[in-house]
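Each remark here refers to the structure printed beneath this line.
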Amino acid sequence: MFVDGHEREDVVAYRNENFLPFWASIEAQMMTWTKTNKPVGPLGMLSFPAKKRIVLVTHDESTFYANDRRKTHWVHATEMAEPVKKGEGVSLMISDFCSPDLGWLKSKDG
């Protein structure tokens, strides 16, 4: 997911001139899958130790906020509406690493 700036000239130049050519150069060392979701090992014979299998690991991160919803409710004419503190409030960040080859990464004891 991109937030801001992913189409800036310098970002596009880096992606096209550095990142994508590098990715193409290591792709043969990665596991791939067919359209029917069957794994296909790295292409050709890897010459050890010069070339090793590369495992893709992605980072998944979400942040949840305590006051992330608008609270709308009726207030009787004899009552005063209670103001709510501004700001995002307390947050909880959930972060994990995942690999299509190995699944969610975890310690040996779970």
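The values are calculated or read from the model by the stated rules, or taken from the named source; none is laboratory data. Because the structure is a prediction, the values reported are computed rather than measured. In this analysis, Cβ positions are derived from the backbone assuming ideal geometry, glycine residues included, and neighbour counts consider all displayed protein chains. Calculation scope for accessible area: heavy atoms of the full protein, side chains included, ligands and nucleic acids excluded. Shrake-Rupley method; radii C 1.70, N 1.55, O 1.52, S 1.80 Å.
Points worth noting:
- Scan segment 101-110 for residues that are open to solvent by 70 Å² or more (accessible area, probe 1.4 Å) and within 14 Å of W33 (Cα to Cα) and the total you get is 1.
- Subset of segment 28-52 that is open to solvent by less than 70 Å² (accessible area, probe 1.4 Å) and part of a strand (DSSP E or B) - its residue that is modelled with the highest pLDDT: M30
- Every pair of residues 6+ apart whose Cβ atoms lie under 8 Å, when the first sits in segment 91-108 and is under 25 Å from G41 (Cβ atoms) and acidic (D, E) while the second is modelled with pLDDT under 85 and open to solvent by 80 Å² or more (accessible area, probe 1.4 Å): D101/P39
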